[in-house]
Amino acid sequence: MRKPHQVWLPILLICLGTVAASAQSFRVQCPTSTITHPDPSKTGVNNSEPAFVGPTYSGTNGYPAAPANVNGAIKCQQISGGDGYSTMGDGTQTYMFSFGPLSGLADIANGKPGTQFPNVFNQIYPGVVAPGDPATSGMANFTGSDGKPFNGAIGLAMDIPNLVSIYDIAEDAVTSATPHRVTVQTNAPLGINVGDTVTISGAAAGYNGTWKVDSIGFPTTPPLPAIGAANAAGVVYYGFPSSDNFTFSQTSTGTPTPTGLADVLESQTASAGIPARMDGHVDPRQIMDVGVMNGNIPAPLMAIDEDDEFFLTLTNVGMIMRPDLFEQHTVHFHGYPNASSFYDGVPDASVAINIGASFTYYYLAPDAGTYFWHCHITPPEHLQMGMVGQLYVRPRQDRVTGPLYAARQMQDADLRMACVSANDILCSHPLPIVNTGATGKATVLNGGTAGYAYNDGDGSTYYDIEYPLQIHGFDPNFHFVGMTFNPEGFADMKDKYFLLNGRSYPDTITAGALQTQSADGVNHFSQPLSAIVTIPAGKRALLRISDLDVSEYQTLASLGVPMQVIGYNAKLLRDQAGNNLYYTTNSITLGGGESLDVILDTCLARSNPSDPSSTCTTPMAAGTYFLYTPNLDHLSNDAENFGGLMTEVRVN
Ligand SMILES: [Cu+2]
């Protein structure tokens, strides 16, 4: 008798051999149209946010072929999961597990969200990406072909051109109307899509040239004939797979015979070609050159608008400093109404992304609010190590120009956006009890800074400028053992650096991106987001505060400028009868996994006291005010009695 392992080991080795042979490829997805955001050539919307004039759908069941109103747009972003270093307030360099930007780099370097419309995302970087870029050249200097700062996807590359032999071209004369349908059979798949351009050469007169593909596959009307037979339109079926066929429309120079049978058997010297084009494939070299050791804290900032569809690609570039680890990463939108649990990022219940792989998450944006996101692999570890980012959803009220109350009522006509307290106890923004008559500003659109935090219907959450503030903490001992192959005791974790946007004071008030030299000897922009809050005197700032600290509660106090709390955990502070429950305080306290919306109003008196967007008649005195923690042991950088969770509010 053979021992079992003598039988199974060779089989196992064969199995492993086949696994190792499979290839990985990186790819991003950023479509220019979808069902709810149809062909931009028809609507012209998907690269901007259209005004909100009515619900997307108003039916109560089924799924209409086309939306009644196109709301929102398509947004895309690409990020890496890997490792990197950051600098603490006392100069200590700290090792991180972290996400980094792989698109929107120039915007992220300027403290803005890296989320882009398709026409910005789907750009190919014209320069040569060198190892260490963009750190060596500076993210803000990463220029695109249009001369503007480059915010496209790193690595996007043209697909290779394809050329196949044509076996047969048949012009369909039975559908006698002009243009005629021309069916082309090729001997191999061309990999084309409807709408692509195909160039035919070497064929009979009238068919050479460049054509737009109308359909893929052998025409099924009339039905598929037997191999070698012609269908009623005269198209001979030679048995090639249906996907090897495509059709285009012949407008003027075709040669259908009067009999209606125009089939022309081509010699195989005729060919069909598609030019190189962009289909989401990326060059792994650029991904690795930019993504490795390029971790950010906070992770890349994301911002979308209600009714958007968001395509977020995560590419796992591996952790260079921990080659023993085969860590997967995921993206988890915390407390977020997901399009599908498949995209929730909890690895036991959805997918996780392996090293050398990429995955595109898909989100809808049904409820405005301040959210945050993090990796969901071993959360205490990956969160502590730095895989935490900010996310917010702007309300559709930003896109309203008329009365806000009526626009808010209009939303209830669509079950996807309805928020009726009587039916839905989770309704996050009930209709206000008072119609204040406020009208929309539509100001946030396409680059503006003002807006509303929620679909309040009464204009009460108006702000002139918004700032994301992420609270976090680092335990340097945990990060050290995380870098040095030692077992990590989660229960011993105790934060000793206290961070706002990944920085301890005084780094919180350093403008611009902070650089840290990594183990590759190159400076990387590890902490892109400053925590300075600058408010023109008399204006209102929205602070989108989230806490992702693993080991501590955090209190943030405001000295001099009152904090008006208007939202909590991405929900407007309003009772189900519609009364605003906003309150004014001088400090807020959050646990890890909570968020809060605070308005800092630097106006003492306005022309219309009930309209926060009206002219300020008595602004606060200009000066420097402070946001700081009254947990005095958190006002430190590890051993230093100086630093920690503090930043400045500059009223100017
Ligand atoms: Cu992770």
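The table below lists the values:
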quantity: Cβ-based charge dipole, the chain, positive-most Cα from A357, G295, P225; calculated: P225
quantity: Potential lengthening between A413 and N61 on full extension [0.36 nm per residue; Cα-Cα distance subtracted]; calculated: 125.5 nm
quantity: Calculated [θ] (222 nm, deg cm²/dmol) that DSSP helices of n ≥ 4 give over the chain, each run adding -39,500 (n - 2.57); calculated: -2500 deg cm²/dmol
quantity: For a label point 7 Å along the Cα-to-beta-carbon line of Q517, residues of the stretch 87-127 with backbone N under 19 Å; calculated: 87-96
quantity: The chain: DSSP helices with Cα axial extent of at least 18 Å and average Kyte-Doolittle hydropathy no lower than 0.0; calculated: 4-21
quantity: Charge dipole (debye, nearest 20) of the stretch 416-651; +1 at Cβ of Lys and Arg, -1 at Cβ of Asp and Glu; calculated: 820 debye
quantity: Sequence ranges 94-105, 116-127, ranked by mean other-Cβ count within 10 angstrom, highest first; calculated: 94-105, 116-127
quantity: Lys/Arg +1, Asp/Glu -1 at C-beta; the stretch 285-443 dipole; positive extreme among S340, P432, A418; calculated: P432
quantity: Check: the stretch 522-652 dipole with +1 on Lys, Arg Cβ and -1 on Asp, Glu Cβ, in debye; calculated: 640 debye
quantity: Student exercise, the chain dipole from Lys, Arg, Asp, Glu Cβ charges, in Debye to nearest 20; calculated: 600 debye
quantity: Mean Cβ count within 10 Å, highest first, over the residues of peptides 577-584, 344-351, 401-408; calculated: 401-408, 344-351, 577-584
quantity: Alpha-carbon centroids, the stretch 308-328 and the stretch 499-516: separation in whole Å; calculated: 24 Å
quantity: Volume per residue that the Cα convex hull of the chain spans, once the total is divided by residue count, Å³; calculated: 214 Å³
quantity: Extension reserve of the T378-N586 stretch, reckoned as 0.36 nm per residue once the Cα distance is removed; calculated: 71.4 nm
quantity: Order of F240, F142 under a 10 Å beta carbon neighbour criterion, fewest first; calculated: F240, F142
quantity: Listed residues L581, L312, T56: farthest to the positive end of the dipole of the chain (Cβ charges); calculated: T56
quantity: Which of R416, R606, R503 has the fewest Cβ neighbours within 10 Å, and the rest in rising order; calculated: R416, R606, R503
quantity: Residues D520, D456, D367, sorted so that the one with the fewest Cβ neighbours within 10 Å comes first; calculated: D520, D367, D456
quantity: The stretch 416-651: C-alpha pair distances exceeding 26 Å, %; calculated: 45 percent
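Taken together, the values in this text are just the output of simple stated rules run on the coordinates, not laboratory data. Here the structure is a predicted model, which is why all the values come from computation and not from measurement. Reconstructed Cβ throughout: ideal geometry from the backbone, glycine too, with neighbour counts over all protein chains shown.
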